[in-house]
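> For reference, the structure I am asking about is given below.
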Amino acid sequence: MKVVFIGGLTNGKIVYDYLKSNKYVDLGLVVTYPDDSNKPRHVCFPVGKNIFKSGKANIHLDEIKAFGPDLIIVSGWSELLLDELLLIPPLGVVGFHPSKLPFDRGRSVLAWQIEEGYSETALSMFYYNHIPDGGAIIGQEKISIKQNDYINDILDKIDDAFFSLMKAYFPLVRMGLAPRREQDLNVGNFRRLRTSKDSVINWDNDTDDIYNKVRAIAYPYPGAIGTIEGVEYKILKSKSIEFTLGCNEPSGTLIARLYDGSMVVKTRDGYLLVVDFVKIVEK
C-alpha cells in the first residue's frame, strides 16, 4: 500500500521507522521539519528525493495528490491539514494526540495536564476529520504521570506508546478494519496554546502548584520563570521541602541559599527548593 508520512520529532521518527520497515508499505513521500529546526526533541530525517524538509505539509498538496496514497499518517506535527488533503487517501488520515480524547484536545496538552496535577493521561490514535483532534478513536494507551515525572519523562513514555499503538493497530488500519469509536465532543474540552505568560511563577500559589508548573515546562521546553530578590531566573528543577525558618516571611522571599547553590523560596503554604536554575540576563 502507498503511504505518505507527515511528521517529525522523536515520536515521528518511531512511526517513520516502523513504516519504513513494514513490508506492506510503500513509503513514497515524507514531509518533515528542516534539519536546523529548533523544535523540542527534533530529529533529523534521512535525505531523499521524496523527503520534503519544509516544515509545512499543505504546500505539498499537489505532490501528495500525484503520489496517490492509500493512507496518510501524521505524528509530531502541529500544522492543521487542509480538508482537501484529508480527502485524498481512501483509508483516511491517521494521527496521534497525547490525551484521553475527547478530553484535552488542542495545544500544549501535556504541559497543562502536568501543571494541573494529572496522575494519568493517554496517547490516542485517531482518524483525522475537519475538527482538530476530533475524529474517531482507533485506540488509546494509558500513561502514568508520577509525582516526580518531568515533561521529558512523560515524552519518553509517550514515545513508547507510539510504537505500541502502531504495532497493535496499523495492521488493522492497513486492511480497513481498525476500530472507529466516534468522539462525544459535548463532554470533551479544548486546550489553548501556552504563551510566555503561562510560564511565570506566582509565589503566592501553593508549593505543589508551583512545583507542577516547573516540571510541566522543564527541559526540553523553555522552563518556568521565577523572580527572586528582583532577579529573573529560568527554573528547570525544584522540589517541596520542610523548612523551619522564615515562616512569617511573605511569598517569594528567598529564605536561604544552600551549600550547593540551591535556593529555598517561600510560597503561600510552604517552601520550594529551587535546584536547577539559570539567571536570565537582559539583552
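> In a Debye calculation with equal point scatterers on the alpha-carbon sites of the stretch 52-131 and no solvent, what is log10 I(q)/I(0) at q = 0.13, 0.15, 0.19 Å⁻¹?
-0.47, -0.60, -0.86
> Residue separation times 0.36 nm, minus the C-alpha to C-alpha distance between Ile131 and Asp35: what's the value?
Gain on extension, Ile131 to Asp35, equals 31.6 nm.
> Now, a different point. To the nearest 500 deg cm²/dmol, what mean residue ellipticity at 222 nm is calculated for the chain from DSSP H runs of n ≥ 4 alone, each contributing -39,500 (n - 2.57), summed and divided by the residues?
-7000 deg cm²/dmol
> If packing is taken as the average number of other Cβ atoms within 10 Å across a peptide's residues, how do 137-146, 81-90 rank, most packed first?
So the order, starting with the most tightly packed, is 137-146, 81-90.
> Tilt of helix 9-21 relative to the longest C-alpha principal axis of the chain, in degrees (0 to 90, nearest 10)?
With rounding to tens, the tilt is 30 degrees.
> Follow-up. Using only Cα atoms, figure out Rg for the stretch 196-279 and give it as a multiple of 2.2 N^0.38 Å.
0.97
> Here's another thing I want to ask about it. Translational D (Stokes-Einstein, µm²/s) of the stretch 2-191 at 37 °C and 0.692 mPa s when Rh comes from the Kirkwood sum over C-alpha pairs?
Estimated via Stokes-Einstein, D reaches 195 µm²/s.
> Another question, if that's okay. Taking the Cα centre of the chain as the origin, how large is its charge dipole in debye, to the nearest 20, when only Lys and Arg (+1) and Asp and Glu (-1) carry charge on their Cβ atoms?
660 debye
> Ok, one more. Note the angle between two axes, namely the Cα long axis of helix 207-216 and the longest principal axis of the Cα atoms of the chain, as a number of degrees from 0 to 90, rounded to the nearest 10.
The helix 207-216 is inclined about 40 degrees to the chain.
> How big is the dipole moment of the stretch 196-279 about its Cα centre under a simple scheme where the beta carbon of each Lys and Arg is +1, that of each Asp and Glu is -1, and everything else is neutral? Debye, nearest 20, please.
The calculated dipole for the stretch 196-279 is roughly 280 debye.
> Here is a further query. For the chain, what is the relative contact order in percent, using Cα pairs closer than 8 Å and at least 6 residues apart in sequence?
Over the chain, the number comes to 14 percent.
Bear in mind these aren't lab numbers, they're just calculated from the coordinates by the rules spelled out. A quick note: this is a predicted structure, and the numbers were derived from the prediction, not measured. All Cβ positions, glycine included, derive from the backbone under ideal geometry; neighbour counts span all protein chains shown.
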